[in-house]
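The values are calculated or read from the model by the stated rules, or taken from the named source; none is laboratory data. Being a predicted model, the structure only gives us computed values, none of them experimental. Ideal geometry is used to build each Cβ from the backbone, glycine not excepted, and the neighbour counts take in all protein chains shown.
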Amino acid sequence: MMSSFLFRAMDARAGIFMAILGAAIVLVPAGNLLVPETSPFHVPTYAVTLMGKYLTYALLALAVDLVWGYCGILSLGHAAFFALGGYAMGMYLMRQIGTRGVYGDPILPDFMVFLNWQELPWYWYGFDMFWFAALMVVLVPGLLAFIFGWFAFRSRVTGVYLSIITQALTYALLLAFFRNDMGFGGNNGLTDFKDLLGFDIQADTTRAGLFAASGLALVVCFLICRALTRSKLGKVLVAVRDAESRTRFLGYRVEHYKLFVWTLSAMMAGIAGALYVPQVGIINPGEFAPANSIEVVIWVAIGGRGTLVGAVIGAVLVNFAKTWFTAALPEIWLFALGGLFVFVTLFLPKGIVGTFSQGWTALRQRKISAAYEAGSDEPPTAPPHSPGAPANVTIPKPSAPVSGAAEPQPAE
Amino acid sequence: MARSTSLLYLDGVSVSFDGFKALNELSLTIAPGEMRAIIGPNGAGKTTMMDVITGKTQPDSGEIYFNGAVDLTGEDEASIAELGIGRKFQKPTVFESHTIWDNLELALKAPRGPFSTLFHVITGAEKKRIEVLLDLIRLGGKRNELAANLSHGQKQWLEIGMLLAQDPKLLLVDEPAAGMTDAETAETAELLKDIAKDHSVVVVEHDMVFVRSLGVKVTVLHEGSVLAEGSLDHVSADERVVEVYLGR
Ligand SMILES: Nc1ncnc2c1ncn2[C@@H]1O[C@H](COP(=O)(O)OP(=O)(O)OP(=O)(O)O)[C@@H](O)[C@H]1O
Ligand SMILES: [Mg+2]
């Protein structure tokens, strides 16, 4: 059962993607740690960290694509789950500081001493243990998503209304985390981390390790999403995306499906946040900003909604551009991002990956048809799957060619 | 007929939208194994009746029982579908970005929970069943095409195929012949008669040739309640029916 489940995840596209990611996971840390600094192949530490950060963004985008691209839930609040995972990791890192803080208190983080708190709030208990923090990284965003989704999906809140309440969710958390008496460091957030699992957080080896961990997390989550979207469950998700009420009349309990992917997606976002925080060295309420969640959706739209690979490519490309722009032309970054979004919406509605795979299928189709007319034995076949629809496990005999893929459906 | 021996039992069902009574004290009984045709002018409440049976719309008052004992009021769409009531919509609705094959696979009777579908591996029996259905709805050659590329009539047939894949006890079929040529309409009637051999069917249709070829009991709806019931010849002879519907 499990093996066939994972087996589904693999095909040529997934293989290429995994090979590239795998190579990056090995080569980037090696280029940093093993290649001498004088060599042109040396990867500077700042670049390792920067790319590690991109990978965590890519994981966040993957999580958004799972719910938006496949199930039609346009979340404008995923940064909240990302930030919650980040805070859980930040709390662990804070407690690792111990007596090395400015006030030298063995238990209380500096900001609590500063606020004259006498003891650790109960919700900080356990965060001195890594396993506990790691558990919270997935449990806290997962639980919040579950509760939120349980109410929202049961009441059949969909479309733009759902998007708006996800914005409200992240905004409410932003305001809450700004307050000093919440016990999460107020607007300064959590920072000045020293070490992680006993490793100095500034060390090159730790940085390389965090990069590799981010890459690995991305690979694992990609495989999970891929297996999921290519299973029968994935087909139900696409059915829900395209014709929700029809799916109900077939006997599927739509709210259970939505709740399942929504919670899973929030957990993945939490993992992304937890890997992000030690690499950037800080987590503050700014991560809950509503604009952050919207940006993630733009990455996915640019890369190609409902393609998984596209989410990763979109996140990495846009953030690479952002890094470049904010250094070279900081004033125009937001305009450039907006412009890019408009351009993609108008001219590449399927995003980069969607457009490419469509073009590629059409090209191959034409080649085979031409060869067939020229007397080849292989009959022209229909492209079995649209980029928006997950692949079928069993592909029955092919038939006549089709003219084109289905138009993408709006998310209600 | 008594409720206990009926398959579907509606008694005094009323539904209003902003004060407008779409169904007005509607009472209707379908026996197990029966095929029934429903006719009536536009806006008579035929589709609304199906909405009420399948849980899409909750009735304001009245009783709806399935299998003589199961109260359908208050149940949601998914549980009513699971009880064994399948529905074809007036406007054909198939999953456009899925292939024909996948549309049928999704409809196929199987456990509906997320965890069952997550680990579902299609069985030989299921494949065979899909093959049979593909043949029946004449879409075998198009199995790998996206449903979006089908013609209107083909979508109607695919939806009937999906309905059969669900293997329901009762099929509610809303205007299956709409948008079809005469030949296609005749074929659809044959298909439905075939289906009616081992299912109970309620068909809504405006096409009188189609209704006649089914040769079953007809119920005429008008302004949300039953105007006449009986054989097509019987109801056609009814003056009120001629006035509101057939005479137009
Ligand atoms: N959701 C709704 N909100 C408001 N009015 C509705 C709704 N659904 C149906 N109606 C009204 O109820 C009446 C009955 O509609 P219904 O669709 O059941 O008619 P019908 O008999 O199926 O007609 P047709 O032959 O045109 O399909 C119509 O006047 C329609 O406008
Ligand atoms: Mg109707």
Sort out which residues of segment B:37-47 are within 11 Å of ligand 2 (Cβ to nearest atom) and within 12 Å of the chain's Cα centre (by Cα), and write them in order of number. B:Ile38, B:Lys46, B:Thr47
Within segment B:135-147, of all residues that are at the interface with chain A (Cβ under 9 Å from one of its Cβ atoms) and not charged (D, E, K, R), the one surrounded by the fewest Cβ atoms within 10 Å (Cβ to Cβ) is B:Gly141
Could you tell me whether any residue of segment A:261-275 is away from chain B (no Cβ under 14 Å), assigned to a helix (DSSP H, G or I) and over 11 Å from the mean Cα position of the chain (by Cα)? yes
Could you identify the single residue in A:Leu139, A:Leu144, A:Leu135 that is modelled with pLDDT of 95 or more and under 24 Å from A:Val300 (Cα atoms)? A:Leu144
As an exercise: evaluate B:Lys88 against (1) modelled with pLDDT under 90; (2) touching a Pro at 6+ places or on another chain (Cβ under 7 Å); (3) among the basic types (Lys, Arg) and give the number of the one condition it does not meet. (1)
Do you know which residues across segment A:225-246 are under 19 Å from the mean Cα position of the chain (by Cα), more than 8 Å from every other protein chain (Cβ to nearest Cβ) and either without any contact (Cβ under 8 Å) to a residue 40 or more places away in the chain or within 14 Å of A:Gly69 (Cα to Cα) (or both)? A:Cys225, A:Arg226, A:Thr229, A:Arg230, A:Gly234, A:Leu237
Please go through segment B:78-102 and pick out each residue that is facing chain A (nearest Cβ under 7 Å) and either outside any strand (DSSP E or B) or touching a His at 6+ places or on another chain (Cβ under 9 Å) (or both). B:Ala78, B:Ala81, B:Glu82, B:Thr93, B:Phe95, B:Glu96, B:Ser97, B:His98, B:Thr99, B:Trp101, B:Asp102
In segment B:65-105, what residues are under 13 Å from the mean Cα position of the chain (by Cα), more than 16 Å from ligand 2 (Cβ to nearest atom) and under 21 Å from B:Glu131 (Cα atoms)? B:Gly86
I'm checking my understanding of the structure. Among residues of segment B:2-26 that are out of contact with any strand residue (DSSP E or B) (no Cβ under 6 Å at 6 or more places or on another chain) and either among the hydroxyl-bearing types (Ser, Thr, Tyr) or more than 14 Å from ligand 1 (Cβ to nearest atom) (or both), which one is modelled with the highest pLDDT? B:Ser16
Scan segment B:43-60 and report the pairs whose first residue is away from every other protein chain (no Cβ under 14 Å) and part of a helix (DSSP H, G or I) and whose second residue is near ligand 2 (Cβ under 9 Å from one of its atoms) and among the hydrophobic types (A, V, I, L, M, F, W, C), with Cβ atoms within less than 7 Å and a gap of 6+ or a chain change. B:Lys46/B:Val204
Expected single match for crowded, with 24+ Cβ neighbours inside 10 Å and touching a Lys or Arg at 6+ places or on another chain (Cβ under 9 Å) among A:Ala336, A:Ala274, A:Ala266, A:Ala311 is A:Ala311
Which of the helices (runs of 4 or more DSSP H) contained wholly in segment A:97-195 include at least 1 residues that are of a type in the set (D, E, K, R)? A:110-114, A:130-154
Residue under evaluation B:Val201, criteria (1) away from ligand 2 (no atom under 16 Å from the Cβ); (2) within 14 Å of chain A (Cβ to nearest Cβ); (3) aliphatic (A, V, I, L, M); (4) not in a helix (DSSP H, G or I), criterion not met: (2)
I'd like to verify a number: residues in segment B:208-223 that are at pLDDT 90 or above and within 16 Å of ligand 1 (Cβ to nearest atom), how many? 8
Looking for something in a loop (DSSP other than H, G, I, E, B) and either away from chain A (no Cβ under 14 Å) or away from ligand 2 (no atom under 16 Å from the Cβ) (or both) - is there at least one such residue anywhere in segment B:148-160? yes
Name the single residue, out of those in segment B:27-42 being within 14 Å of ligand 1 (Cβ to nearest atom) and not in a loop (DSSP other than H, G, I, E, B), that is surrounded by the fewest Cβ atoms within 10 Å (Cβ to Cβ). B:Leu28
Of A:Ser155, A:Ser163, the only residue that is within 14 Å of another protein chain (Cβ to nearest Cβ) and more than 24 Å from B:Leu118 (Cα to Cα) is A:Ser155
Of those in segment B:111-130 that are within 8 Å of chain A (Cβ to nearest Cβ) and touching a Ser or Thr at 6+ places or on another chain (Cβ under 8 Å), the residue nearest to B:Leu171 (Cα to Cα) is B:Lys127
Note on A:Phe249: of the conditions (1) under 17 Å from the mean Cα position of the chain (by Cα); (2) at pLDDT below 95, unmet is (1)
Odd one out for B:Leu164 among (1) under 20 Å from B:Asp51 (Cα atoms); (2) in contact with a strand residue (DSSP E or B) (Cβ under 7 Å, 6 or more places away or on another chain); (3) of a type outside the set (Ser, Thr, Tyr): (2)
Residue selected from segment B:180-207 under the condition within 21 Å of B:Thr48 (Cα to Cα) and modelled with pLDDT under 90, by the criterion nearest to ligand 1 (Cβ to nearest atom): B:His206
Only one residue in B:Asp102, B:Asp71, B:Asp51 is within 16 Å of ligand 1 (Cβ to nearest atom) and among the acidic types (Asp, Glu), so which one is that? B:Asp51
